[in-house]
Structure formats: C-alpha cells, structure tokens
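> Next up is a structure, given as structure tokens.
Bear in mind that the values in this text are calculations on the coordinates, not laboratory data. Keep in mind the model is a prediction, meaning the values are calculated, not measured. No Cβ is skipped: glycine too gets one built from the backbone with ideal geometry, and neighbour counts run over all protein chains shown.
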Amino acid sequence: MENNKILSEKRKKLDTPRFTIGEVVKHRYYPFRGVIFDVDPEFMNSEEWYDSIPSHIRPKRNQPFYHLFAENEDGPYIAYVSQQNLLHDENSDPCSHPQIDNVFQDLKDGKYILKNSNLQ
C-alpha cells in the first residue's frame, strides 16, 4: 500500500508530454531538428549519458524525454532530448532522416503519420 502511494506521488510530479509521436521539433540550444518516434515519461537513459550533458543545460529527470530521428548539417542520427530542450519546428520542410520511411507513411499538416495508423 505504501509503495502504491509513493508511485502515485511520483507520477503526479512528472510533466505531461507536450509533443506527440510524428511531430517535427527542433532543439532549443543546438542546431538540429527531428521527428519524434518514441516518448519516455521520464529520463530512462544511462547515468553516463546524463552526466555528459553540460551542467548549465542539464535537464531535470522527471519530465518526458523524446527519441528523435534527428538531422543536422552533418547528417542524420538518433537523439534523446528532454522536453524542456525542445521547441515546435515551424519549418514546413520534410525531414530527410533515412529511418523515417520505416516508421511513418506520410507528412500531413506538419506531422508525420505512423504506418498502420487509422489517422487520416
């Protein structure tokens, strides 16, 4: 019973996701953009990864973290970014990450539609 109360209180402290799968976002500080393909309700990466973030922009852990098909001027890659460091990308150009076509079927109204999705 006590464990359930602790879990319930922890969940209340987590931020609600602002972004959804398929949205195109950009990083608040670094020059890259990408398409969200997964969301963690809170930080779920390694301590080594977390500690590698410069302390002045190190995000809090109890917020959503997003997995992105990201791209910058050097090319495509996978990124893991906190909600506080993401912004909606107003650029209407499609992303060119090579894995997008494996997960999404189309870009519609600025958002990628998942394959096998009933959304039209």
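> What's the angle, to the nearest 10 degrees (0 to 90), between helix 2-13's Cα axis and the longest principal axis of the chain?
Roughly 40 degrees between the two axes.
> Restrict the search to segment 10-115; then list the GluC sites (Glu not before Pro) that DSSP places in a loop and that have at most 13 other Cβ atoms within 10 Å of their Cβ.
Here the sparse-neighbourhood loop sites are Glu73, Glu90.
> A further question on this structure: Considering only Gln83, Gln105, Gln63, give the residue with the highest GNM mean-square fluctuation for the chain, with springs between Cα atoms whenever their separation is below 10 Å.
Gln105
> Follow-up. Which log10 I(q)/I(0) values does the chain give at q = 0.11, 0.14, 0.21 Å⁻¹ under the Debye formula, counting every alpha carbon as one identical point scatterer?
At q = 0.11, 0.14, 0.21 Å⁻¹ the computed log10 ratios are -0.41, -0.64, -1.19.
> A follow-up question, please. Looking only at Lys108, Lys60, Lys26, which one moves most when the chain is put into a Gaussian network model with springs between Cα atoms under 10 Å?
Per the Cα network of the chain with a 10 Å cutoff, Lys108 tops the list.
> Using the Karplus equation 6.51 cos²θ - 1.76 cosθ + 1.60 (θ = phi - 60°), what ³J(HN,Hα) coupling, rounded to whole Hz, does each residue of segment 72-84 give in order, writing x for Gly and Pro?
3J(HN,Hα) across segment 72-84, in whole Hz: 9, 5, 8, x, x, 6, 9, 10, 10, 9, 6, 4, 5.
> Below 9 angstrom from the Cβ of Phe65, what's the summed charge of the other residues (Lys, Arg +1; Asp, Glu -1)?
That sum, taken over residues with Cβ under 9 Å, equals -1.
> Sticking with this one: For Ser82, Ser46, Ser55, what ranking results if the residue with the fewest other Cβ atoms within 10 Å of its Cβ goes first?
Listed from fewest to most nearby Cβ atoms, that is Ser55, Ser46, Ser82.
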